[in-house]
Amino acid sequence: MKKLKLMPTLFFTFILSSCYLTPAYCSTIGENITYGPELSYRSSKFTGSDAKDDDFKRLGSIGFGVYAHWMFSNDHPEMGFISGLFYNQFGAKYEYSSDDKGKLRVHYLTIPFTFTYTVYEGVNVEIGPDLSFLLAAKDKYEYMGEKETYDLKDDTNKVQIGYNIAVSYTHEESGLGGFIRWNGGFNNVNKEGDYVIHNGGFSIGARYRINHLFEK
């Protein structure tokens with residue numbers, strides 16, 4: 001578990017240190033590949049026929065990771081592909097009364113497989129599937145002032161096959177970018193039972209193109 005949580009940090013550190021050691025190499029790569037860190041805020045809520053209860057409310061969380069954006073070819077620079085490694089959360093709040101409430105959080109390590117298309121200078125549409133691996137699932141429950149935390153990992157599917165749809169913008173001169181993204185899962189959150197509950201949510205975030213540092 002600890003090794004999985006360290007993977008984004010190690011990957012980012014490797015890229016950064018390699019670029020500082022070989023800036024000329026990174027400058028060459030930068031012609032077709034851009035990469036860097038990404039940070040986002042997500043508002044999530046369960047979806048599905050068994051998650052339409054008014055007791056479920058949106059839950060906020062922070063996600064982060066590293067991305068790489070490949071341009072397919074110099075002849076078609078408007079088309080590309082994004083992947084990377086990201087830590088993120090889904091979940092929801094529930095409240096049956098002021099004395100009976102809690103928060104469900106499901107933690108994942110996600111690899112996206114996203115196709116991109118530039119519709120205007122710096123403006124991209126992004127769409128594709130993603131694959132998420134379960135890290136943890138917790139229910140922080142409060143009843144009559146008493147708080148308990150329940151581990152739901154054994155009751156949660158270990159792998160989520162999902163989707164991501166986004167609109168992004170990158171400022172070419174500074175290397176800074178931002179995005180609005182919609183994510184969700186196709187398969188059930190719960191491992192067993194007849195309940196139909198899926199992850200869903202939207203996020204806003206920022207990116208920084210590291211190889212902008214080595215561009216002349």
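Before we move on, is Thr149 free of Cβ contacts under 8 Å to residues at least 24 places away in the same chain and either in contact with a strand residue (DSSP E or B) (Cβ under 8 Å, 6 or more places away or on another chain) or of a type in the set (Lys, Arg) (or both)?
Answer is yes for this residue.
Out of (1) surrounded by 15 or more Cβ atoms within 10 Å (Cβ to Cβ); (2) modelled with pLDDT of 95 or more; (3) aliphatic (A, V, I, L, M), what's the single condition that is false for Ile161?
Failing condition for Ile161: (1).
Would you be able to tell me the number of residues in region 79-129 that are closer than 27 Å to Ile161 by Cα and among the acidic types (Asp, Glu)?
Within region 79-129, residues that are closer than 27 Å to Ile161 by Cα and among the acidic types (Asp, Glu) number 1.
Which residue pairs have Cβ atoms under 9 Å apart, sit 6 or more places apart or on different chains, and have a first residue in region 35-60 that is closer than 12 Å to Ser203 by Cβ and buried (at least 17 other Cβ atoms within 10 Å of the Cβ) and a second that is of a type in the set (Asp, Glu) and modelled with pLDDT under 90?
Short answer, once both residue conditions are applied: none.
Taking region 172-208 only, how many residues are under 17 Å from the mean Cα position of the chain (by Cα) and of a type in the set (Lys, Arg)?
Of the residues in that region, 2 qualify.
For region 101-116: of the residues being modelled with pLDDT of 95 or more and over 18 Å from Asn88 (Cα atoms), which is surrounded by the most Cβ atoms within 10 Å (Cβ to Cβ)?
Thr116
Taking the conditions exactly as written (β-branched (Val, Ile, Thr) and either under 20 Å from Tyr169 (Cα atoms) or touching a helix residue (DSSP H, G or I) at 6+ places or on another chain (Cβ under 6 Å) (or both)), does Thr47 satisfy them or not?
No, not satisfied.
Would you confirm whether any residue within region 194-202 is under 21 Å from Val123 (Cβ atoms), in contact (Cβ under 8 Å) with a residue 60 or more places away in the chain, out of contact with any Cys (no Cβ under 7 Å at 6 or more places or on another chain) and crowded, with 16+ Cβ neighbours inside 10 Å?
Checking region 194-202: at least one residue is under 21 Å from Val123 (Cβ atoms), in contact (Cβ under 8 Å) with a residue 60 or more places away in the chain, out of contact with any Cys (no Cβ under 7 Å at 6 or more places or on another chain) and crowded, with 16+ Cβ neighbours inside 10 Å.
Scan (1) modelled with pLDDT of 95 or more; (2) of a type outside the set (Val, Ile, Thr); (3) more than 12 Å from the chain's Cα centre (by Cα) for the single condition Ser40 breaks and write down its number.
Going through (1) modelled with pLDDT of 95 or more; (2) of a type outside the set (Val, Ile, Thr); (3) more than 12 Å from the chain's Cα centre (by Cα) one by one, Ser40 breaks only (3).
Suppose we keep only residues that are part of a strand (DSSP E or B) and among the polar types (S, T, N, Q) within region 70-104. Which one would you say is nearest to Lys138 (Cα to Cα)?
Gln89
The values are calculated or read from the model by the stated rules, or taken from the named source; none is laboratory data. Predicted, not measured: the structure shown is a model, and the values here were computed from it. Reconstructed Cβ throughout: ideal geometry from the backbone, glycine too, with neighbour counts over all protein chains shown.
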